[in-house]
Amino acid sequence: MLLYDLTSTYFESEPSFGEHDKRQFGYSRDKRPDCVQVVIALIVTPQGFPLTYEVLCGNTSDKTTLKEFLRKIEQQYGKARRTWVMDRGIPTEEVLAEMRAGDPPVQYLVGTPKGRLSKLEKDLLDKPWQEARPGVTVKLLPREGELYVLARSADRVAKERSMRRRQLKKLWNRLHELQTMKLRREALLMKLGAARQQCPSAWRLVEVEVDATAASFTYRLKKDKLRQVRRREGRYLLRSNLTETDPAVVWSYYLQLVEVEQAFRHLKGDLAVRPIFHQDEKRIEAHIFVSFLAYCLHVTLGQWLRTLAPGLTPRRVLEKFAAVQMVDVHIPTTDGRTLLLSRYTQPEPELQLLLARLKLQLPAQPPPRIMATPDRKEAAM
């Protein structure tokens, strides 16, 4: 099983770059459309271990990347029965058809746009809900060699409903304020545009009619649209060519996608892949490569901790090990030379216990060295 997703990382500066430079303006997942960026594609296993990554141009569209990665993984690891788990927007109908027609067929599990739910809603109404886990129910709909999975999460229903109510209340209050203001028509239109930008989801639930000549408007709630949104809150549609019919298994496969999202959080947080200050393309690639290697070590440490020290995270362990420092002690001698002692600080009892749990042992203290003052030559004692 391969988990595939993309993210972007931006540059604080705006260097001069050519048409073929990877630093380009594009859709920013960091909410920094004002900065040039590169796109990073990453493939990880369900345990979080990374298999490969690629640095792409900042204006790369997600749906243009999958075909190349399918070929790259097959060349690197050979043909095998693989299942690709991806979010919606990455695969196209053409690529999915090629995956189904492959030898052996390449299996996939992807999210689908909510627009497809409208087309299948009538067929799904007759299907019974099946419990995948406490608080999560699913419906399975076979269709033309594929399996559609409609999932409903009670926690997600509460979350999305709360977000929708909060945004709708904010927009409703703002529209009421604008109606009481004495504004010119141009200023009113600008403020309505700002309200729409701040509450885009709620705006789709409200019908606003502006007078053709006067600086006034009316608004009302789209009750039919609101009922449709309420029915779909907390629900998402998955699409797959898996032969698995157990709803709990199919749903758990898709949940594995959080591992690659967690990888991006580690890269951008603990491992500081963003922002990038380098200007030379080779140094940019090196910066991301070092971050990738650090993530490999991060995941390895996390798997190690699950077995030897469950309950501890890699971040917490690294914070504890940061207390161990190397110091150089310079001791002048009576004949004008300097005795140099390189020493690491002794770990605290809590860290000693952690070292024992991880079956690690600190190396012996380095031997002392003596430095002659005139030519600064060192000699081991």
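Observations on the model:
- Yes/no for Gly311 being under 30 Å from Gly48 (Cβ atoms) and either in a helix (DSSP H, G or I) or among the acidic types (Asp, Glu) (or both): no
- Neighbours by Cβ (under 7 Å, 6+ apart or cross-chain): first from the stretch 342-353, surrounded by 12 or more Cβ atoms within 10 Å (Cβ to Cβ); second among the acidic types (Asp, Glu): Ser342/Asp328
- Test: residue in the stretch 308-327 that is exposed (fewer than 13 other Cβ atoms within 10 Å of the Cβ) and more than 34 Å from the chain's Cα centre (by Cα): yes
- Members of the stretch 22-47 that are within 18 Å of Thr65 (Cα to Cα), assigned to a loop (DSSP other than H, G, I, E, B) and open to solvent by less than 20 Å² (accessible area, probe 1.4 Å): Arg23, Ser28
- A search for C-beta distances below 8 Å between a residue of the stretch 115-126 that is within 11 Å of Leu150 (Cα to Cα) and any residue that is open to solvent by 60 Å² or more (accessible area, probe 1.4 Å), counting only pairs 6+ apart in sequence or on different chains, returns Leu117/Arg235; Leu120/Arg143.
- Restricting attention to the stretch 53-109, the residues being more than 25 Å from the chain's Cα centre (by Cα), in contact (Cβ under 8 Å) with a residue 40 or more places away in the chain and part of a loop (DSSP other than H, G, I, E, B) number 1.
- Matching residues, the stretch 245-293, being modelled with pLDDT under 75 and outside any helix (DSSP H, G or I): Thr245, Asp246, Gly269, Asp270, Leu271, Ala272, Val273, Arg274
The values are calculated or read from the model by the stated rules, or taken from the named source; none is laboratory data. Just so it is clear, the model here is predicted, and its values are computed rather than measured. Ideal geometry is used to build each Cβ from the backbone, glycine not excepted, and the neighbour counts take in all protein chains shown. Keep in mind that these areas ignore ligands, DNA and RNA; they rest on the heavy atoms of the full protein, side chains included. Shrake-Rupley method; radii C 1.70, N 1.55, O 1.52, S 1.80 Å.
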